[in-house]
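Read-outs: derived from the displayed coordinates by stated rules, not from any lab. A quick note: this is a predicted structure, and the numbers were derived from the prediction, not measured. Glycine gets a Cβ as well: all are built from the backbone with ideal geometry, and neighbour counts include every protein chain shown.
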Amino acid sequence: MCGIAATALKPPYRKDTVQLLINLLKALEYRGYDSAGVAVYDLDSGRIHVWKKKGKVAELARMLEKVRLNASSGIAHTRWATHGPPSDVNAHPHTDCLESVAVVHNGIIANYKELKEELIRRGHRFESETDTEVFAHLFEEYLRTSEPFEAFKRAVSRLEGYYAIVAITTKDPYKVFFARKESPLIVGRGIKGNFVSSDIVSLLGVSEEVAPLSDGDVGWLDSEEIFVESEGKRKSLSFFKPSWSPAQAQKGSFEHFMIKEIHEQPQAVKETLTSVISEWEKVMEVVRLMEEWTAVVAAGTSYHAGLVFSYLLMKLSGRFVPVIDSSEAHHYSKVLRGTVIAISQSGETYDTLKAVRIAKENGAKVVGIVNVVGSTLDREADVTVYTRAGPEVGVAATKTFLTQLAVLGVIARAYAGQSKEEVGAAASRLPDIVAKGISMSIGYAKELSRTLAEKRDMYVLGTGVSYPIAMEGALKIKEISYVHAEAYPAGEAKHGPIALAEPGFPVVIVWTPEDEDKLSVAHEEFASRGSEVYWVGPEKDIPFPKVEWHEVPFAATPPLQLLAYYMAVRKGLDPDKPRNLAKSVTVH
Ligand code: M6R
């Protein structure tokens, strides 16, 4: 939800500031693409220049292609609109009345209406409908009586809600000021200068070391130093070298990140399994924690991973753990106790973090299943087990899902009493199953996408372990191809959903060996009403290898991802940047 990047570069590199910020924005665009903007302090003219535009970063990049200002500091933003529709005027950065301040923000300023009224009474003029603009005027207001950092802190102290906020001012043009509350911000140290950004991925090519900020942190950076305070005291940050390489976050020869990331799944699953099994002590620690009452919280694709985990655990050990959609978790606060397993690829999903905080208030221990090292969930969890998917840039989660299943499968098996060797043996088949799931299905998925891309609605049915996989498949189809796909348990269809069955209505059935009869009955019920029924399974319309029931998620997920991908591509849509969505959902 909104991407922020800012920098102060050393003197020899200052003329690169605008182009470097554009590059950072390109890497951040998956956080929002309603508009993009850049502001820099130009040492030659002695003023702040702002460029901003509705639409994607590429349009802003074209506009700024030739700009090479001698900039001492700069900020940039990609927007996912919350307050005020996407437009040039609502695009960030926002400035004050005197053009002495430029601000970018991710989050929601809950008390912006009161602040805006107060500032208007004091004579400030507003241009946009955003909550962010109030901060520019607040900063301007306090700059009248305070030094820049003091003024910034005073302005921040007036904010209610949550924010990652970054600003520059003509009053101290070599510095970038920043503050964080419940929205991610990472600082980075590089050869060319210092940086602050919403995520690590954008910093990969420019920073040697990064350090995530914590809630309540406020500070500044210039080209030489990064200064951070917490509760009024100077704080030393723990910098680390990101394990991801810049090349991992590039598309390479693939047309889209999504297809690249689908193809990376066998390797990602393999690396994740190797990593988690090598940390067997940690797995056993999770198992011990699960001796207490345990609940799982997660959102979207991670929620589907939680459902697969719950099913697997129940089948292997008889233990049932509830899986709670994290946006609803506050209603279930009474059961967020004992041990809470929070699954999140980004580790920054607001709803999941909120559930974690409720759990901690209840005295629960939190286990995080996370892909981003140093993310908020990673830091707030008592134990983190990492998925090793590498950076996932496509907005639709693909490889992070299968790596979550890899980690959760190991935990479920260990809980069921399997030894490290037994778990290792079961896991060793999975990367190859994923690879075959891709290679066997790709041509068929591409072909069937021709028919399904034309449809408005469809069902995806499953049973047992294939039901949550059907849910994940339906989510993929919906979010990137905009075809309304709903998942149901195969046997549930006759209780209502079958009312939509008619000639031409498409139904996709996800095979599992657990209860083929149930799936076949659903097939007949729909086919006899003229529906087009397609199967994803061994020797079916979209084939994958014949596998055991517990391996179905690894075999069946890639064909559904590929189907969704090709449906989107056929419709001329960008599968990496589906409308209205952002990679990390950091607002509630
Ligand atoms: O980063 P998280 O795993 O916490 O994200 C949760 C969801 O926002 C995410 O899975 C979302 O549903 C994706 N768009 C799915 O493709």
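Per-structure values
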{"read-out": "Distant-in-sequence amide H partners of VAL297 (H built 1.01 Å from N, under 5 Å)", "value": "ILE324, ILE341, ALA342, ILE343"}
{"read-out": "Residue-span extension gain [GLU292 to GLU516] - 0.36 nm each, minus C-alpha spacing", "value": "77.1 nm"}
{"read-out": "Residues of type aspartates and glutamates that LYS53 reaches as a straight line, Cα spacing below 19 Å, ignoring anything fewer than 8 places off in the same chain", "value": "GLU29, ASP34, GLU65, ASP88, ASP96, GLU99, GLU127, GLU129, ASP131, GLU133"}
{"read-out": "For the range 135-143, 3J(HN,Hα) per residue [Karplus equation, 6.51 cos²θ - 1.76 cosθ + 1.60, θ = phi - 60°, Hz, x = Gly/Pro]", "value": "5, 4, 6, 4, 4, 4, 4, 6, 5"}
{"read-out": "Karplus (6.51, -1.76, 1.60) ³J(HN,Hα), θ = phi - 60°, over the range 404-410, in Hz, Gly and Pro reported as x", "value": "4, 4, 5, 5, 5, x, 5"}
{"read-out": "DSSP-defined beta bridges in the chain - what % are antiparallel, rounded to 5", "value": "65 percent"}
{"read-out": "Efficiency of FRET between ARG47 and GLU229 - r from beta-carbon atoms, R0 35 angstrom, step 0.05", "value": "0.75"}
{"read-out": "The range 250-428, relative contact order [Cα under 8 Å, separation at least 6], %", "value": "29 percent"}
{"read-out": "³J(HN,Hα), Karplus 6.51/-1.76/1.60, whole Hz, each residue of the range 69-84, x for Gly, Pro", "value": "7, 7, 9, 8, 7, x, 9, 8, 7, 10, 10, 10, 4, 10, 9, x"}
{"read-out": "Gap separating the Cα centres of the range 282-330 and the range 441-461, nearest whole Å", "value": "31 Å"}
{"read-out": "Residues GLU99 and MET63, FRET efficiency given R0 of 30 Å [Cβ-Cβ distance, rounded to 0.05]", "value": "0.95"}
{"read-out": "Contact order normalised by residue count of the chain, Cα under 8 Å, 6+ apart, percent", "value": "12 percent"}
{"read-out": "Mean separation of Cα contacts under 8 Å (6+ apart) over length of the range 441-588, as relative contact order %", "value": "31 percent"}
{"read-out": "Relative packing of 198-209, 392-403, 518-529, which averages over residues the other C-beta atoms within 10 Å, highest first", "value": "392-403, 198-209, 518-529"}
{"read-out": "Gain in span if fully extended, HIS331 to ARG122, counting 0.36 nm per residue against the direct Cα distance", "value": "71.1 nm"}
{"read-out": "Net lengthening on full extension, TYR174/HIS495 (0.36 nm per residue, minus Cα-Cα)", "value": "109.0 nm"}
{"read-out": "Cut-off under 5 Å, modelled amide H: who pairs with THR463 long-range", "value": "ALA490"}
{"read-out": "Nearest 10 degrees, 0 to 90: helix 300-317 Cα axis against the chain principal axis", "value": "40 degrees"}
{"read-out": "Efficiency of FRET from Cβ geometry, ALA425 and SER236, R₀ 51 Å, rounded to 0.05", "value": "0.65"}
